[in-house]
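Peer 1: This is the structure I have questions about; it appears just below.
The values are calculated or read from the model by the stated rules, or taken from the named source; none is laboratory data. Source: prediction; values computed, not measured. Neighbour counts run over all protein chains shown; Cβ positions are idealised from the backbone, glycine included.
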Amino acid sequence: MGGYSYNAAYKAEVAKFGKRDGVVAVCFFLFYCVAGYALGLLWRVWMSPYSGAIFGLIMGIACFVVIGIKKDGLGSIGFHKENLWPALRIGLLFGFVPLALNNGLLPGFILGWEMQTSALILLLILLRTFILAAHEDMIFVGYIQTRLYGLIKRDLLAVLVGAILFSLMHIMPQLGLHGFAAFHVGNGLWLLVLIPQHIVFNALFRRYYSIYPTMILHTLVNGVGQMWRVREPEAWWSGGFIYLFAIVLAVGIWALYLRRKDQKIATE
C-alpha cells in the first residue's frame with residue numbers, strides 16, 4: 001500500500017488489522033445504526049436539544065469498551081501525543097474555511113446576522129457540536145475506517161466504503177423519527193454531501209494518524225452556525241455547498257502536494 005511519509009504511519013497502522021477486526025467494525029456500525037434509529041423513535045416523545053450529545057457520549061463509551069476488549073489502545077484510533085502541534089495546526093488551518101464560509105463569519109458580517117453572546121456560543125458548541133463531532137470522528141474515522149482495511153486492502157475503495165457508511169448512519173435517527181418519509185430529495189442531497197466530507201476528514205487524519213485535526217475541523221463545520229442568534233437574510237452562497245467546494249479543493253490540493261513531494265523525495 002505504499003510507504004511515503006504522508007501516508008506512512010497511517011498505512012503501517014491499518015495494515016495491522018485483519019478480517020476479524022473488520023467484521024467487528026462492521027458489526028459496530030450496525031449497532032450504531034440501530035441505536036441511531038432508536039434515538040429517532042425517542043425523538044417522537046422527547047425532542048431534547050441535548051439528546052444528541054447524550055447519544056454521542058453513550059456511543060463514544062461503547063467504542064472505548066470495544067477498543068478496551070480488543071486491547072487495541074487509544075492510539076489505534078488516533079488519540080496520541082506524537083506530532084501533536086502539527087496535527088492541531090492543520091486542523092486549525094483548514095478550520096478557517098468553515099469558520100469563514102459555512103454560515104460563518106463572512107456571510108454573517110456581510111448580511112448583518114445577529115450574533116449570540118460568547119458564553120452561549122461556547123456552551124452550544126460544546127453540548128450540541130463538539131460531543132457530536134468528536135464521537136463521530138472517533139468511531140467512523142478513527143475506528144471503523146481503519147479496521148475496514150482488514151476486509152478491503154485497496155486504499156481508495158476502503159475510504160469510499162467508509163465514506164458511504166459515514167453518510168448512511170446519519171439517516172437513521174431521521175428514519176426512526178419520520179419513517180420512510182425521511183427519504184426525500186433534501187436528505188438525499190445531504191447524504192451525498194457527507195461522502196466527500198468523510199474523505200476530507202480521512203485526509204487530515206492520515207497525515208499524522210491523529211484524530212485531533214479531524215475533530216477540530218468537524219466541530220467548526222457543525223458549530224459555526226451556533227454563533228448566530230438570527231441568521232436572516234440568507235443568500236445562495238452563505239451555506240454549506242460553497243464551503244464544501246472550498247474545503248474539498250483546499251484539502252485536495254494540500255494532499256496532492258504532499259504526495260508529490262514525498263514521491264520526489266523517494267526517487268532521489
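Conditions (1) loosely packed, with under 15 Cβ neighbours inside 10 Å; (2) at pLDDT below 85; (3) at negative phi, marked per residue:
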{"site": "ARG154", "(1), (2), (3)": "yes, no, yes"}
{"site": "ALA158", "(1), (2), (3)": "no, no, yes"}
{"site": "ALA163", "(1), (2), (3)": "no, no, yes"}
{"site": "GLY179", "(1), (2), (3)": "yes, no, no"}
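Peer 1: If I ask for residues that are under 28 Å from VAL141 (Cα atoms), free of Cβ contacts under 8 Å to residues at least 24 places away in the same chain and of a type outside the set (A, V, I, L, M), which ones from region 220-249 would you list? So that I can check it myself, show each step before the final result.
Peer 2: Filtering region 220-249 down to residues under 28 Å from VAL141 (Cα atoms) leaves 220-227, 238-249.
Keeping just the survivors that are free of Cβ contacts under 8 Å to residues at least 24 places away in the same chain gives 245, 249.
Within region 220-249, just PHE245 meets the criteria.
Peer 1: Out of the residues in region 85-95 meeting the condition of being loosely packed, with under 15 Cβ neighbours inside 10 Å and out of contact with any helix residue (DSSP H, G or I) (no Cβ under 7 Å at 6 or more places or on another chain), tell me which one is farthest from GLN226 (Cα to Cα).
Peer 2: Ranking the qualifying residues of region 85-95, first place goes to TRP85.
Peer 1: Quick one: PRO49 ticks every box in (1) loosely packed, with under 13 Cβ neighbours inside 10 Å; (2) under 21 Å from ILE139 (Cβ atoms) bar one, so which box is it?
Peer 2: Result: PRO49 fails condition (2) only.
Peer 1: Evaluate the following for GLY78: is it modelled with pLDDT of 95 or more, closer than 18 Å to PHE130 by Cβ, out of contact with any His (no Cβ under 8 Å at 6 or more places or on another chain) and surrounded by 14 or more Cβ atoms within 10 Å (Cβ to Cβ)? Full working, then the answer.
Peer 2: Details: modelled with pLDDT of 95 or more: yes; closer than 18 Å to PHE130 by Cβ: yes; out of contact with any His (no Cβ under 8 Å at 6 or more places or on another chain): yes; surrounded by 14 or more Cβ atoms within 10 Å (Cβ to Cβ): yes.
When the stated conditions are applied, GLY78 passes them.
Peer 1: Any idea which of ASN103, ASN187 is touching a strand residue (DSSP E or B) at 6+ places or on another chain (Cβ under 8 Å), of a type outside the set (D, E, K, R) and surrounded by 15 or more Cβ atoms within 10 Å (Cβ to Cβ)? So that I can check it myself, show each step before the final result.
Peer 2: Working: ASN187 fails: touching a strand residue (DSSP E or B) at 6+ places or on another chain (Cβ under 8 Å).
After applying the criteria, what remains is ASN103.
Peer 1: Taking VAL141 as the residue in question, decide whether it is of a type outside the set (Ser, Thr, Tyr), in a helix (DSSP H, G or I) and touching a residue at least 24 places away in the same chain (Cβ under 8 Å). So that I can check it myself, show each step before the final result.
Peer 2: Values: of a type outside the set (Ser, Thr, Tyr): yes; in a helix (DSSP H, G or I): yes; touching a residue at least 24 places away in the same chain (Cβ under 8 Å): yes.
Here the answer is yes, as VAL141 does meet what is asked.
Peer 1: Same structure again: Starting from region 197-219, keep only residues that are touching a residue at least 60 places away in the same chain (Cβ under 8 Å), then list their pairs with residues that are part of a helix (DSSP H, G or I) and of a type in the set (Phe, Trp, Tyr) whose Cβ atoms are within a distance under 6 Å, requiring at least 6 positions of separation or different chains.
Peer 2: Going by the 6 Å Cβ cut-off, the qualifying pairs are ARG206/TYR10; TYR209/TYR10; THR214/PHE201; THR214/PHE205; LEU217/PHE94; THR219/PHE130.
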